[in-house]
Amino acid sequence: MALTIHINHSAVDSPLLTSGVDWVQVDTDNDNIIFSNGSLLVADGEASPGETALNSAGIVLDGTEQVFPHYFLNDASVALLKEIFLMGDGNYRYVLAFEFDDSTVSEPVLEAWDDSDLDTIASVILGEGTPSYSWIKGKTTTDALPGVAWTGTSIAGSSDGYFLNLNNGNGALSVAKTLYCQLKCVIPASQSDAGASTPVLVVKYTTI
């Protein structure tokens with residue numbers, strides 16, 4: 001079986017394969033998602049940014065809790081940023097799509113780790129080892145909207161309660177199915193030091 005992941009590069013909250021909605025397939029080996037405050041250079045349609053541009057578009061810490069306002073797919077195939085307009089704290093359902101072309105033995109889950117070794121959550125953004133402090137929040141939207149002012153699950157590692165069940169807790173997939181989720185990144189009010197992190201998001205599931 002195969003899994004393909006897509007991002008909704010439009011302002012239309014409609015499912016994968018909806019006519020007129022620009023769903024972009026993610027190259028999981030080369031693409032990445034950027035959380036940013038945005039700028040003239042870090043914006044939809046701009047060239048893939050370097051470190052200087054990303055730093056200049058960072059959020060300025062002010063002692064309050066802040067939600068990143070902009071999320072981009074850094075599309076390596078064209079070296080351009082594609083804004084994920086619906087990602088964040090808005091009440092939108094069809095943001096990230098996980099397209100499974102066959103059944104699974106286990107329910108697919110979404111986890112976050114420091115790197116591709118998938119064995120630590122030591123980075124600041126993932127809570128420095130305490131998953132409940134993770135800045136990455138998620139909500140499964142396979143069955144429904146996330147809700148207004150949604151809080152979601154803190155995503156870090158594989159401990160119970162700190163990953164997303166992408167089939168909304170309904171178990172393994174008995175047939176091919178597309179699952180959905182919403183994500184946002186929240187900087188806590190207590191954060192005082194600037195920095196950069198490159199966590200890895202991974203979908204785990206088992207097949208026959």
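Looking only at the range 81-106, residues that are over 18 Å from ALA11 (Cβ atoms) and either under 19 Å from the mean Cα position of the chain (by Cα) or surrounded by 19 or more Cβ atoms within 10 Å (Cβ to Cβ) (or both) come to 4 in all. All conditions in (1) more than 22 Å from LEU179 (Cα to Cα); (2) at pLDDT 95 or above; (3) among the charged types (D, E, K, R) hold for ASP75, with the sole exception of (1). Mind listing whichever residues of the range 66-92 are in contact with a strand residue (DSSP E or B) (Cβ under 9 Å, 6 or more places away or on another chain), among the β-branched types (Val, Ile, Thr) and assigned to a loop (DSSP other than H, G, I, E, B)? Across the range 66-92, the qualifying residue is only ILE84.
Figure legend. Inter-residue proximity from the range 193-208: first residues at pLDDT 95 or above, second residues in a loop (DSSP other than H, G, I, E, B) and hydrophobic (A, V, I, L, M, F, W, C), beta-carbon distance below 7 Å, spacing 6+ or different chains. Indicated pairs: VAL202/LEU118; THR206/VAL105.
Residues that are closer than 30 Å to THR206 by Cβ and surrounded by fewer than 17 Cβ atoms within 10 Å (Cβ to Cβ) are absent from the range 52-69 altogether. Considering only the range 113-130, state which residues are touching a residue at least 40 places away in the same chain (Cβ under 8 Å) and part of a loop (DSSP other than H, G, I, E, B). Result: ASP114, ASP115, SER116, LEU118, SER123.
Annotation for the range 58-72: no member residue is closer than 25 Å to TYR180 by Cβ, in contact (Cβ under 8 Å) with a residue 24 or more places away in the chain and acidic (Asp, Glu). Please specify each residue of the range 147-167 satisfying the condition of being farther than 22 Å from LEU118 by Cβ and either small (Gly, Ala, Ser) or in contact with a Leu (Cβ under 8 Å, 6 or more places away or on another chain) (or both). Those that are farther than 22 Å from LEU118 by Cβ and either small (Gly, Ala, Ser) or in contact with a Leu (Cβ under 8 Å, 6 or more places away or on another chain) (or both): GLY147, ALA149.
Here is a yes/no grid of residues against (1) of a type in the set (A, V, I, L, M, F, W, C); (2) not in a loop (DSSP other than H, G, I, E, B):
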{"position": "ALA156", "(1), (2)": "yes, no"}
{"position": "ASP160", "(1), (2)": "no, no"}
{"position": "VAL175", "(1), (2)": "yes, no"}
{"position": "THR178", "(1), (2)": "no, yes"}
{"position": "VAL186", "(1), (2)": "yes, yes"}
{"position": "THR207", "(1), (2)": "no, no"}
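Only residues that are in contact with a Phe, Trp or Tyr (Cβ under 9 Å, 6 or more places away or on another chain), in a loop (DSSP other than H, G, I, E, B) and hydroxyl-bearing (Ser, Thr, Tyr) were counted in the range 141-154, giving 2. Among the residues of the range 113-138, the ones that are surrounded by 22 or more Cβ atoms within 10 Å (Cβ to Cβ) and farther than 15 Å from PRO188 by Cα come to 2 in all.
Checked against (1) of a type in the set (S, T, N, Q); (2) surrounded by 14 or more Cβ atoms within 10 Å (Cβ to Cβ); (3) over 11 Å from LEU110 (Cβ atoms); (4) at pLDDT 95 or above, SER159 passes all but condition (2).
Within the option set LEU110, LEU164, being surrounded by 21 or more Cβ atoms within 10 Å (Cβ to Cβ), in contact with a Ser or Thr (Cβ under 7 Å, 6 or more places away or on another chain) and touching a residue at least 12 places away in the same chain (Cβ under 8 Å) holds for one residue only, LEU164.
The values are calculated or read from the model by the stated rules, or taken from the named source; none is laboratory data. Computed from a predicted structure; not experimentally measured. Cβ sites come from the backbone with ideal geometry, for glycine too, and all protein chains shown count toward neighbours.
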